[in-house]
1. Quick check: Cα centre of region 362-380 to Cα centre of region 390-439, how many Å?
2. Obtain the nm distance between the two label points defined at GLU7 and TYR359 by a simple spin-label model: each point lies 7 Å from its Cα along the Cα-to-C-beta direction.
3. Below 15 angstrom from the Cβ of ARG10, what's the summed charge of the other residues (Lys, Arg +1; Asp, Glu -1)?
4. Shape of region 53-208 from its Cα gyration tensor (a ≥ b ≥ c, root eigenvalues): rounded if a/c is under 1.5, otherwise prolate when a/b > b/c, or oblate?
5. What nm distance separates the two modelled labels at ASP273 and LEU256, each placed 7 Å from Cα along Cα→Cβ?
6. Please label the shape of region 352-482 as rounded, prolate or oblate, based on the square roots a ≥ b ≥ c of the eigenvalues of the alpha-carbon gyration tensor (a/c under 1.5 means rounded; beyond that, a/b larger than b/c means prolate, else oblate).
7. Could you tally the net charge around ASN180, taking each other residue with its Cβ under 13 Å from the Cβ of ASN180, Lys/Arg +1 and Asp/Glu -1?
8. Under a crude label model (7 Å from the Cα following the beta-carbon direction), how far is GLU30 from ARG480 in nanometres?
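The values are calculated or read from the model by the stated rules, or taken from the named source; none is laboratory data. Predicted, not measured: the structure shown is a model, and the values here were computed from it. No Cβ is skipped: glycine too gets one built from the backbone with ideal geometry, and neighbour counts run over all protein chains shown. Remember, those area values only see protein heavy atoms, side chains included, never the ligands or the DNA or RNA. Shrake-Rupley method; radii C 1.70, N 1.55, O 1.52, S 1.80 Å.
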Amino acid sequence: MHHQKLEDYRKNKLDEMTIAQLQKEMERGELTSEELVLMYKENISLRDQNTRAVLEINPDALLIAQALDFERKHKGPRSKLHGIPLLVKDNMDTGDKMHTSAGSFAMADHYALRDAKVVEKLRAAGAIILGKTNMTEWANFMSDQMTNGYSSRGGQVKNPYGAFDVGGSSSGSAAGVASNLACAAVGTETSGSIINPASQNSLVGIKPTIGLISRTGIIPLSHTQDTAGPLARTVEDAVTVFAALVGTDPEDEVTLFAEQFKGYDWQQHLKKDGLSGAVFGLDRQLFADITKAQSAAFNRVMEQLQACGAAIKEVDLGADQEDLGFEVLLHEFKADLNAYLARSNPDHRIRSMGDIISYNEEHAERMLKFGQNLLEQANSMSGNLTEREYVEALERNRFLAAEQGMNTRLGQAGADALLLPQDFGCNIGAAAGFPSITVPAGLTESGEPFGITFAGQAFDEPKLIEYAYAFEQAAAGRRRPS
């Protein structure tokens, strides 16, 4: 950078700074939002050449930052996010000069007509949408051969920690925050798409209860399981972003559930003693495929939890991951995506899942590196959600994951929450529509990030935040990439 002050700040101070720390700097007049945007843009230009986490930069970010600096000076900050640059996943509509593509080159010139509700709420809080992040194309429901983090539009997102799986489908959101390309990011999850990349990139990820955060304006996969949520380097930062996202939306009726948290102080749950007296359920069949390195790391984590006053009990939720999820996603994807595309910008040529498949076939060399068998399978469904296979699968999800597993059997064991290594077993909570939080727990011997996940019942976010924060403070497991 030509400005020596900013270059020194960027090189020696900016990395790993929290949102609260940056706010204090801006309140004291030692830093501006405009300078923050400049430094993060410099980081992106220098660090993201190999990681490929960021698809595009908001061309108006600098001007927005200048306006927010002026507003801070004359009116004061709007919220804890005032002037803070954030990245958002490329399946979230932004009614600006950026595209919304779900990673597909078929949608590379698609401009949304307005902001997704979550983007609208972030802007209202004073956050700056710095750019869009790369992702696993079509939220990893295009081909069962596709690697995490690959998209025809953005290429392969790489893990900044080395030759490890970057996780998906919120791959770029995770790799970008881990690499200090922004303060935090917003991803989406259907089944593991926040928890998995957060764990793989030494981050905190919050997958909320369905109904707390609006889905309006997000390219869908499954209306019964989709939700947005934050990825950040600390629990406090993740909670700050999460708090800005929670709220009702008249266009998304399930968000009536969020009314109970109107004006809620989420920061009150940042308790260092939050693990004292907690009881966690451990269902080992959910992570039978764990590696030796991950098993060793998980054993260390359980010792740390017990040292913090928590107890661990063996449980049997009575559901295997193979029992859940796929049929529901297969049927809902066509119905939900066709509805989104039908209401999208009328100037755009792609109007249905069939159009996507045809485009991919016509441009096979670029589009079909991994094939599109999942898209073709989903497109063979009626799209009316009347099939017996779909109805039965949906009922099975609700019973096995929610009623029997997380509600009844976890409660009968006297457990407050489910404890998981990495994202193993996270589709239990996803199928139920229940919340999970993952927290960094250090690196394995090979240098691969390892995290633990706390999964709870509906609207258990306050408890999960307490567990996550207390563990974070005790373990200090976040590691920055070298």
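1. Value for the Cα centre distance between the two parts: 32 Å.
2. With each label placed 7 Å out from Cα toward Cβ, I get 4.2 nm.
3. With Lys, Arg at +1 and Asp, Glu at -1, the net is -4.
4. Note, shape of region 53-208 comes out prolate.
5. 4.0
6. Here region 352-482 falls in the oblate category.
7. Net charge in that neighbourhood comes out at +4.
8. 1.6
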